[in-house]
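Here is the structure we will look at.
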Amino acid sequence: MIFDIALFIIGLFLILVAAELFTNGIEYLGHRLQVSQGFTGSVLAAVGTALPETILPIIAILFFADNAGHEIGVGAILGAPFMLSTLAFPLIGITALIAYLLKRRELGLNIEADTLRRDTIFFLFAYSIALFIVPYENHTLRIFTAIFLVILYIIYVIITLKSESSEMEEVEHLYFLPKSQNPPTFLIIFQVIVALSIMIFGAHLFVHGLETLSHLVGISPLIFSLLIAPVATELPEKINSVIWIWKNKDVLAIGNVSGAMVFQSTIPVSFGIIFTQWDITGLAFVSGVFAIVASFIALTSSFITKKLVPFGFTIGIIFYIVYIYLVIKQF
């Protein structure tokens with residue numbers, strides 16, 4: 001028991017440390033490439049901070065298939081969009097409201113409306129396909145569906161790269177060479193590779209501990225991974241976004257979450273569609289529906305006024321609370 005908890009904690013710690021290293025390296029690379037703030041937040045930072053919850057289900061499905069690995073994998077895949085839309089977005093809204101009450105900033109979020117709407121629409125389209133349209137009885141058609149979702153993400157990246165956005169804001173020093181203003185490119189890439197390696201090892205420990213603990217607690221590995229794993233692995237997005245909102249870097253904060261939602265609804269989902277049965281039912285299906293509804297509310301608020309966006313984001317937490325109630329009621 002103690003050993004399994006230790007593996008769980010050590011794995012989580014390694015995942016979060018690696019995510020911070022990876023994000024720092026990716027952001028520094030984006031700054032060097034002189035790409036826009038929108039692209040850095042929605043693609044580079046989003047992919048970097050999304051890696052923990054992406055690698056975790058891959059490790060679970062590939063290496064723990066005989067021990068509820070598929071349930072953990074599918075739960076982590078579905079849990080990521082759910083947590084982003086019902087917890088990460090609300091944290092942005094709540095942070096903005098608190099900062100406003102403390103007179104640290106204005107009420108409205110300084111969003112790039114086109115960026116937020118593009119990200120959310122791509123997410124709603126891709127995730128709706130994953131939940132409602134995937135022909136899970138036919139493996140060949142599932143492969144074509146997965147390929148379509150990957151192509152959709154590539155299209156999204158290209159559109160984001162070409163879209164107008166503000167220039168990149170100040171970036172941190174590279175962690176592997178903090179005193180240098182101009183680290184060599186190979187060191188930036190090396191930091192990214194090291195971070196990815198640590199993340200894979202940490203995910204392996206995390207999944208092993210998660211699987212054992214779910215059996216000890218008596219909760220389905222699917223539900224356990226839907227609620228517990230994403231809360232932990234989404235910490236990079238949540239923490240980064242809260243800090244960015246506090247510093248009035250709203251475009252990076254929102255793009256970090258909305259871009260991660262697009263990534264999570266295409267790349268990990270494609271993997272799950274191919275390598276699992278992908279027969280989404282029960283509370284797993286409910287989590288997906290809640291994610292879509294919460295995101296649609298956030299999207300709608302962006303068409304009204306910037307002052308309502310924090311409230312539109314915050315409403316999503318209601319779905320998270322209701323979902324926890326449904327889980328407790330069932331188990």
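Key figures for this structure:
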quantity: Top-ranked residue in segment 108-128 [being among the β-branched types (V, I, T) and either touching a His at 6+ places or on another chain (Cβ under 6 Å) or part of a helix (DSSP H, G or I) (or both); ranked as farthest from A298 (Cα to Cα)]; calculated: T115
quantity: Residues that are under 21 Å from L12 (Cβ atoms) and of a type in the set (D, E, K, R), drawn from segment 236-292; calculated: E237, K238
quantity: Any chance L187 is modelled with pLDDT of 90 or more, surrounded by 14 or more Cβ atoms within 10 Å (Cβ to Cβ) and farther than 27 Å from S270 by Cβ; calculated: yes
quantity: Residue under evaluation F3, criteria (1) part of a helix (DSSP H, G or I); (2) surrounded by fewer than 17 Cβ atoms within 10 Å (Cβ to Cβ); (3) in contact (Cβ under 8 Å) with a residue 24 or more places away in the chain, criterion not met; calculated: (3)
quantity: Residue identified as out of contact with any Leu (no Cβ under 7 Å at 6 or more places or on another chain), over 19 Å from A50 (Cα atoms) and at pLDDT 85 or above among L91, L97, L84, L107; calculated: L97
quantity: Positions within segment 89-143 being surrounded by fewer than 15 Cβ atoms within 10 Å (Cβ to Cβ), closer than 21 Å to T281 by Cβ and either over 24 Å from the mean Cα position of the chain (by Cα) or not small (G, A, S) (or both), in sequence order; calculated: F132, I133, P135, Y136, E137, N138, H139, L141
quantity: Per-region count, segment 204-227, residues part of a helix (DSSP H, G or I), of a type outside the set (S, T, Y), closer than 21 Å to M83 by Cβ and modelled with pLDDT under 75; calculated: 11
quantity: Lone unmet requirement of (1) in a helix (DSSP H, G or I); (2) at pLDDT below 80; (3) farther than 16 Å from T23 by Cβ for I159; calculated: (2)
quantity: Pairs, first of a type in the set (A, V, I, L, M) in segment 264-278, second at pLDDT below 90, C-beta under 8 Å, six or more apart; calculated: I267/T54; V269/I77; I273/V134; I273/Y136
quantity: Failed item, numbered, when S36 is tested on (1) in contact with an Asp or Glu (Cβ under 8 Å, 6 or more places away or on another chain); (2) crowded, with 24+ Cβ neighbours inside 10 Å; (3) of a type in the set (G, A, S); calculated: (2)
quantity: Test: residue in segment 164-171 that is surrounded by 14 or more Cβ atoms within 10 Å (Cβ to Cβ), modelled with pLDDT under 85 and in a helix (DSSP H, G or I); calculated: no
quantity: Residue check, I155 β-branched (V, I, T) and out of contact with any helix residue (DSSP H, G or I) (no Cβ under 8 Å at 6 or more places or on another chain); calculated: yes
quantity: Test result for A99, out of contact with any Asp or Glu (no Cβ under 6 Å at 6 or more places or on another chain) and within 21 Å of L299 (Cα to Cα); calculated: no
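The values are calculated or read from the model by the stated rules, or taken from the named source; none is laboratory data. Remember, it's a predicted structure, so these values are computed and weren't measured experimentally. Positions of Cβ are backbone-derived with ideal geometry, glycine not excepted, and every protein chain shown enters the neighbour counts.
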